[in-house]
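Please read the structure below before turning to the comments.
The values are calculated or read from the model by the stated rules, or taken from the named source; none is laboratory data. Remember, it's a predicted structure, so these values are computed and weren't measured experimentally. Note that we place each Cβ from the backbone using ideal geometry, even for glycine, and neighbour counts take in every protein chain shown. Heavy atoms of the whole protein, side chains included, go into the accessibility calculation; ligands, DNA and RNA do not. Shrake-Rupley method; radii C 1.70, N 1.55, O 1.52, S 1.80 Å.
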Amino acid sequence: MNEVLSGMNVNLSYPAITTERVNRFVLCTSGDSVKVYSTRTEEWLHSLQGHTNQVTGIALNPANHLQVYSCSADGTVKLWDFIDGILIKTFIIGYPLFAIYVSEKHEGIVFLHIAMDTDSKKEGFQLVAVHLPKSAEQEVEAKELSAVSSHISPNPSCTAFGREGQYIAFARNLQLNVYFFRKQKTYSFSLKATDKKGAKNAFTCIACHPTDDCIATGHEDGKIRLWRNFIHKKEYTYSTQHWHHNAVNTLCFTPEGTNLLSGGIESVLVQWQYGTGNRKEFLPRLGGSILHVSASSDGQLFCTSHSDNKITVIESSFKVCGVIQGLVKGDAVLTDLMIDPRSKALVLNGKPGHLQFYSLLRDKHLYNLDIVQQEYIYEAGLDQFEVVKAAFDIKGYWLATVEERGQKSADLEFFLKLWSYDERTQSFVLNTTITAAHTDRIISMCFSSSEETTMLVTIAEDGQFKAWCQGVDADTKQDQNFWSCDFVGSYHNLKPTNCSFSADSSLLAVSFQEVITIWSPDTWELLTTLCQPPGVIRDLCFGRLSCSKYLISTTTRNLLCCWNLLTCALEWSTSVEVSKLQSDPLSENVAAFSYQSKHTDLFVFKPNEPRPLFTHKNVCSEKIHRAVFVPREEPLNNCDESSQWLNRSQLYFLTQNMDLLTFSTATEEDRMLSSSTRLVIDDSVAVTPFYLLLGKHRQQQQKLNTPSHQAADRPQQPQGSVTITELLHTPAHVLPPASVLCSMFVSSLLISNTGVLQDPLRKEMESSEQEMNSEKEEEDSEGEMEACDSQQELRVQGSVDEVTPKLSKAQERELKRVRKTDFSWMAGLIASKP
Amino acid sequence: MASFKPTKVQFLPKLGEKVTEDTLYWKNYKSPVQIKEFGAVTKIDFSPLAPHNYAVTASTRIHVYGLHSQEPIRSFTRFRDTAYGGSFRGDGKLLVAGSEEGLIRLFDICGRVALRQFTGHSKAVHVTSFLSDGFRVVSGSDDLTCRVWDVPSAVELSSITEHTDYIRALAPSKLNPDLFVTGSYDHTVKVFDMRSGSSVMTMQHGHPVECVLLYPSEALLVSTGGRYVKIWDLLKGGQELVSLKNHHKTVTCACLSSVGNKLLTGSLDRHVKVYNSSYKVVHNFDCDASILSMAVAPDDEVVAVGMTNGVLSVRHRKHKKDKETLTSRRRRGPSYRVFVKGKNFVPRQDDFLVSKPVKQYLRKYDKQLKSFEVSKALDTALQMWTRTSKPEVTVAVIIELNRRGTLKNALAGRNEESLTKILNFLLKHIFDPRFSRPLLTVGDIVLDLYRQVLHQSPVVERQLQRLMEVLGREAELQQELLQVLGILDTLFASLTPRKEVLWEEHCPMSLNNHCVSVSSVSADVCRI
């Protein structure tokens, strides 16, 4: 089985951000790993992988600022060295964990949220303190649990440590509890259910002042309350401040306690000066609603994480200095998945009112294109313009978008916009806005696929389809090329459902309910109609290349039909419920996603034969409506029949809960693994001209390697590395003359016999293990540092054979043992050489 | 962090005629100067020489005006009866005019008394002109004759009686001194050659000919009569090129502009139409009364139009120079130094350049929208200058407020004065198809908000009454349009489906729902 279903880890789902060590790193949770980003370059450095379930929280180790605790729903707490990405320890708790808190005062203790019962429907959560046993072993079971409080809020931002860890504050609904560790007592304060004007008083988040006895709480109505004097149960006081108009999502004190940061749905970061009442600063329009704010330990940097999969790095002077953006996830992707023909980037809905361009190759967000060009108002329940349709022409020179507002209410507003690509700015520029393109909602649109003329066809619920052309207005004689309507067509006033151009755009197919009409775009003549009664046509697509005489249609009544356009007759049909039909622009293949009995199956077929080329049952459990074929940079030469369809392009699809999935072949899987164990540049090596020279040489060697030979294939040279580092680190003026060093240096570059002999064994062991331990990968990558060409390895292997007669008995025995081992892997290695 | 995005003002093109270079050229005239004459102005003729004075024949006088003067610089009043057809000689020194009594008088432009009098016509002479050699005068008369006179000796050289009705149009050839064209009420246009002494070409216009005109190349001939303007190709033996029917009353005069030879025609329907070289109407001047005569000065400096009510309307061309002097007088901008201040600084090599953040300049209403002051933003957008000269800005702010869901808040809590402003704006623009949609919502909200207190203010109540009338009229109009559409639909239904498709291309888009919403609002007003 070559195909592996792999998820794209591009979403920074649950945010818990920490900036640390001269503000160099931002850590955040992402699925079952923790990602480490650099604040300076905004680049993804590496991820801490090891958890088997969703990572729910991270906290820096207060005892060692280079270590981080992470807790996960798989019931373990792991301690990492996040700079090198090394797993130090695993503590097995045994219950799913939902949040983690640590305090400087409580060394060796972590506080965790766990579900109260195994029955998670009750949403009863418990705060427990866990003593982490001191043991040298890698995996330790921590069984020493002591409950601090039960019935706490499931929201992890509703718990916070107080001044120097003397107390812990947690809130649930309308009650604030403070637990004092010294007195071992819990004080609780509660608010009334409703205040005046029906405001909602429930707690949403908590932050404690680092040096003062003060607790800041955020509330659902947008108020922030500062609680003081809570050491005495009766005489507590609080002051209220109100700026947010919706719930306060997060609160955070700066490390000195001079400022309080708050954020909510308005996407405005508010900085309140502590102790001066109402003086505040704003940082508006940061992006999606703010979910989490954190400050670095020296107070120089702040981080906000947003609902649109973004982390903003903010200087203490309240200026944005960095943005880390993942694949933006809106509420729903309304546009199709598209590929920008120029940049080969994936294009879909991004920020509200924007289209995002996402490079799949680099797994990086490129940019957002502002379609709506209106100020976005962050307010719950407001009906805003949304980009609902978009289409690229074949060269990527034109982009058509439809934005819509008022889907729910009666008066629908929508605009059809056409954007042209500007070579100078390397971006799309608005060319034409059409205000009333149709009298009703636009259902679908497509560009003609010929190179010479571009034409856009839109179909709408008013029963018409319109062709738009770019033309020079003869009377005004303006040289700007605006788009105007060229043709309006309809068919018996039926509602159109889909449209498609043939590969050479000599035919336009528009489906009206049960009927497919074929038009000639040159003369606008209705050529023929095709109909296969039961069910309304859902999808239409023409075959490509050798199958361009076929037209495939799917209906709502579980029918997939293939029409031959030469004979105008039904070629074949099959009964299958297809939710999405997608054709590959580079090959004849067509992919059909079928949703049956609560899971989705994928069929890949060629239109000329009714037999599927490839079938994958149970791809996922949701319905799939968006899919796209992404052309590969260079076609693969895969001979395996079941994976041949992936040679030209790759299939990406989006599930209903916004996971972007793809199919990849086994070789790609290898490459992905190796890229994840990317080299961490060793900072300890000074950048000297010599180092650069050496580094360049090494890169050349690496280039010679074919991708199938990975880090594991390379021999290790521990002695050599020592000599080289010594050489590199000693200042030049204290070094002995180069003539003395030369022989030593050259000999250090030679590969010792034992090293080579050991290497295959070691590799053998590793391949038998099959599983790649992340720590070993780290070793491998170190090995890569001293990488040597595999050709060189072969040569050395030959030289070993030559010297065999001179070997001692012990060595001969060793050699025999080596020969017995399976060297079939070598065959593949040699075969793949050019 | 993105900056504030200002409100987008949509410029919707006005429906109707398209703006072309020709329209821009012909629009570039100042508002007309009106000069009152003693009777209907029957003939205007520009002097071909430099100051380009023009002779205006009206009643019993001929006035000569300077190009920019409103008072006559010279007048010839020695007519006993109505004077007709005063026209200059090619050197601009002599002037000839016919009269009701049949006498033809020749004047020196500097003198008062007629130099020569040509007697012989028995009836009124309506058209007179010099032939291009300057020594002969040709005249057409109601006695059906057309005579040529010798200027030095004041004798009749020849008399041609070929027309069977009054001769009311005459055009001498500028290239050949022996050729001239006459048009008559007998529906014919004739070309005469003095060398043969008879007509060489006859064209049937089909209506009484009011005016004939030769193109400078003299290959084309224009004749007007009835509602028709016809162009004839003389080189093809008088073949009809085009027949134009753009006026709805008799076309009385035609002339050519000197720039690009554009044809202008004036008619009793009070319009002057300008045609482009493919004979499409590109511009239209409206006048107060039926037009009898018209002339264009060389270089199109002046368009003079004479009317039946004795008013001479003179349009002068606008010049860029005038505009510049006007603006420079009005305000002197800051000097050049102000603009380049600090901008021409070139940093030296070791300087560390700290760039200043670019400040975003926002309009006042945008600033208020940015700080969520919705009522103030609406007030700003409804200021006098904005709402009169740029209604699209006001409407854009209203749309923006509606999008933000705060339009109701912005409209609420207003006093009589500001409510009047809003209602005035509605009255002016609610039936403009570009704005009607958002303004109807505004109307709805205003009615909802102030229903209880409307009766307390008579001003507001009166305005609402007017609004109701306006909307009622609009709804009626829409209904009629829909009826017409229905009629047309039935007509087209009988044609081929392909034609039907073509028709839909041109049909107004949102007529249906527009009408429905108009009637719903007017129903609302009625309830109150």
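Taking K and R as +1 and D and E as -1, what net charge do the other residues with C-beta under 9 Å from the C-beta of A:L348 add up to? Each step should come with its number before you reach the end.
On the way: positive: A:R626; negative: A:D336.
So the environment of A:L348 carries a net charge of 0.
I'd like the orientation of helix B:416-429 relative to chain B: the angle between its Cα long axis and the longest Cα principal axis, in ° from 0 to 90, rounded to 10.
50
Give the angle, between 0 and 90 degrees and rounded to the nearest 10, that separates the Cα long axis of helix B:436-450 from the longest principal axis of the Cα atoms of chain B.
Its long axis makes an angle of about 50 degrees.
Between the stretch B:94-169 and the stretch A:423-446, how far is it from one alpha carbon centroid to the other, in angstrom?
69
Please work out how much accessible surface B:K376 shows to a 1.4 Å probe, ignoring ligands, DNA and RNA, in Å² rounded to 10.
110
Could you go through the stretch B:226-237 in sequence order and give the Karplus-derived ³J(HN,Hα) for each residue, using 6.51 cos²θ - 1.76 cosθ + 1.60 with θ = phi - 60°, rounded to whole Hz, and x for Gly and Pro?
For the stretch B:226-237, the Karplus-derived couplings read x, 8, 9, 10, 10, 10, 10, 9, 6, 6, 9, x Hz, x marking Gly and Pro.
Given a cut-off of under 8 Å on Cα pairs at least six residues apart, what relative contact order in percent is computed for the stretch A:302-344?
On the way: 45 pairs, mean separation 11.8, N = 43.
Relative contact order of the stretch A:302-344: 27 percent.
Quote the relative contact order of the stretch A:382-434 in percent (integer), defining contacts as alpha-carbon pairs under 8 Å separated by 6+ residues. Please list the in-between numbers first.
Numbers: 96 pairs, mean separation 14.2, N = 53.
The value is 27 percent.
Any idea how far apart A:L430 and B:M384 come out in nm if each label point goes 7 Å out from Cα toward Cβ?
3.3
For A:S743 and A:S317 in the same chain, what is the full-extension length gain: residue separation times 0.36 nm, less their Cα-Cα distance, in nm? Walk me through the numbers on the way to the answer.
Values: separation 426, 0.36 × 426 = 153.36 nm, distance 5.58 nm.
My answer for the length gained is 147.8 nm.
With just the Cα atoms of the stretch B:121-266, tell me how far they stretch along each of the three principal axes, in Å, largest first.
45, 30, 25
From largest accessible area down, sort A:S575, A:S500; use a 1.4 Å probe on the protein chains.
A:S575, A:S500
In debye, nearest 20, what is the charge dipole magnitude of the stretch B:203-325 about its Cα centre with +1 on Lys and Arg Cβ and -1 on Asp and Glu Cβ, if you could check?
Charge dipole, the stretch B:203-325, about its Cα centre: 320 debye, nearest 20.
Can you give me the solvent accessible area of B:H283 with a 1.4 Å probe, rounded to the nearest 10 Å²?
20
Give, in nm to one decimal, the length gained when the segment between A:N64 and A:L494 is fully stretched (0.36 nm per residue of separation minus the Cα-Cα distance).
147.7 nm
Against the longest alpha carbon principal axis of chain B, how many degrees, from 0 to 90 and to the nearest 10, is the axis of helix B:320-330 turned?
Between helix and principal axis, roughly 40 degrees.
Can you give the Rg/Rh ratio of the stretch A:342-490, where Rg is from the C-alpha atoms and Rh is the Kirkwood radius?
Working: Rg = 16.0 Å, Rh = 16.5 Å.
Checking Rg against Rh, the ratio lands at 0.97.
Past the 18 Å Cα-Cα mark, which pairs from B:K8/B:K356; A:K319/B:K359; A:K89/A:K143; B:K5/B:K359; A:K89/A:K134?
On the way: B:K8/B:K356 27 Å; A:K319/B:K359 15 Å; A:K89/A:K143 15 Å; B:K5/B:K359 13 Å; A:K89/A:K134 10 Å.
From B:K8/B:K356; A:K319/B:K359; A:K89/A:K143; B:K5/B:K359; A:K89/A:K134, over 18 Å: B:K8/B:K356.
Report the accessible area of B:M294, computed with a 1.4 Å probe over the heavy atoms of all protein chains in place, in Å² rounded to the nearest 10.
10
Counting other Cβ atoms within 10 Å of each Cβ, which GluC sites (Glu not before Pro) in the stretch A:398-464 have at most 15 and sit in a DSSP loop?
Numbers: sites: A:E403, A:E404, A:E413, A:E423, A:E451, A:E452, A:E461; in loops: A:E423, A:E451, A:E452, A:E461.
Sites meeting the loop and neighbour criteria: A:E423, A:E451, A:E452, A:E461.
For the stretch A:613-643, state which GluC sites (Glu not before Pro) are in a DSSP loop and have at most 13 other beta carbons lying within 10 Å of their beta carbon. Don't skip to the end; give the middle numbers.
Values: sites: A:E622, A:E633, A:E641; in loops: A:E622, A:E633.
When the GluC sites (Glu not before Pro) of the stretch A:613-643 are filtered for loop state and at most 13 Cβ neighbours within 10 Å, A:E633 remain.
List, in the order given, every pair from A:K351/B:K367; A:K280/A:K310; A:K344/A:K598 whose Cα-Cα distance in the structure shown is over 26 Å.
From the list (A:K351/B:K367; A:K280/A:K310; A:K344/A:K598), the Cα-Cα distance tops 26 Å for A:K344/A:K598.
Principal axes first, then extents: for the Cα atoms of the stretch A:491-532, list largest minus smallest coordinate on each axis, whole Å, largest first.
Computed over the stretch A:491-532, the largest-to-smallest principal extents equal 25, 18, 16 Å.
So who's got an amide H within less than 5 Å of the one on A:T432, skipping anything under 5 residues away but keeping other chains? H placed 1.01 Å off N, in plane.
When sequence neighbours closer than 5 places are left aside, the close amide H contacts are A:L418.
Would you mind computing, in nm to one decimal, how far apart the modelled labels at A:T529 and A:H131 are, each placed 7 Å from Cα along Cα→Cβ?
Output for this residue pair reads 8.4 nm.
Can you work out the Karplus-derived ³J(HN,Hα) for every residue in the stretch A:360-376? Use 6.51 cos²θ - 1.76 cosθ + 1.60 with θ = phi - 60°, whole Hz, and x for glycine or proline.
With the stated coefficients, the stretch A:360-376 comes to 6, 5, 9, 6, 9, 6, 8, 6, 9, 9, 6, 8, 6, 6, 9, 5, 8 Hz.
Run the quick spin-label model on B:S153 and A:E634: label points 7 Å from Cα toward the beta carbon, then report their separation in nm to one decimal.
Simple spin-label model gives 10.6 nm for this pair.
R0 = 41 Å: FRET efficiency of B:V459 with A:H245, Cβ-based, nearest 0.05? Don't jump to the answer; show the numbers that get you there.
Details: r = 37 Å, r/R0 = 0.90.
So, using R0 = 41 Å, E works out to roughly 0.65.
Between A:E281 and B:S418, how high is the FRET efficiency from 1/(1 + (r/R0)^6) when r is the Cβ-Cβ distance and R₀ = 51 Å? Nearest 0.05. Walk me through the intermediate numbers first.
Numbers: r = 35 Å, r/R0 = 0.68.
FRET efficiency, A:E281 to B:S418: 0.90.
Quick query: amide H of A:S649 versus all other amide H atoms, modeled in the peptide plane; which residues come in under 5 Å with a sequence gap of 5 or more or a different chain?
So A:S649 has HN proximity to A:R632.
Please work out the Cα center distance from the stretch B:61-90 to the stretch A:50-88, rounded to the nearest Å.
106
Report the FRET efficiency, 1/(1 + (r/R0)^6), for A:A380 and A:L566, where r is their Cβ-Cβ distance and R0 is 51 Å, rounded to 0.05. Working shown, then result.
Numbers: r = 56 Å, r/R0 = 1.10.
Efficiency, rounded to the nearest 0.05: 0.35.
Please grab the % of Cα pairs in chain B that end up more than 39 Å from each other.
Working: 69028 of 139128 pairs.
The proportion of pairs with Cα distances above 39 Å equals 50 percent.
Given H placed on each backbone N at 1.01 Å, which residues far from A:L45 in sequence or on other chains put an amide H within less than 5 Å of it?
So A:L45 has HN proximity to A:V36, A:Y37, A:S38.
So how compact is the stretch A:433-592: Cα radius of gyration and Dmax in angstrom?
16.2, 55
Report relative contact order for chain B in percent, whole number only (criteria: Cα-Cα under 8 Å, sequence separation at least 6).
9
Within the stretch B:77-93, what residues put their amide N at less than 18 Å from the label point 7 Å along the Cα-to-Cβ vector of B:D108?
Flagged as within label range: B:77-78, B:88-93.
Using θ = phi - 60° and the Karplus form 6.51 cos²θ - 1.76 cosθ + 1.60, what ³J(HN,Hα) does each residue of the stretch B:122-135 get, whole Hz, x for Gly and Pro?
Once rounded to whole Hz, the list reads 9, 10, 4, 9, 8, 10, 9, 6, 7, 7, 6, 6, x, 9.
Just the Cα atoms of the stretch A:357-418: what Rg and Dmax do they give in Å?
Final numbers for Rg and Dmax: 14.3, 43 Å.
Quick check: net charge around B:S199, other residues with Cβ under 12 Å of its Cβ, Lys/Arg +1 and Asp/Glu -1?
Working: positive: B:K190; negative: B:E162, B:D193.
Here the charged neighbours net out to -1.
Express the Stokes-Einstein translational diffusion coefficient of the stretch A:257-331 in µm² s⁻¹, to the nearest whole number, given a Kirkwood radius over alpha-carbon pairs, 20 °C and a viscosity of 1.002 mPa s.
Details: Rh = 12.6 Å.
Reported coefficient: 170 µm²/s.
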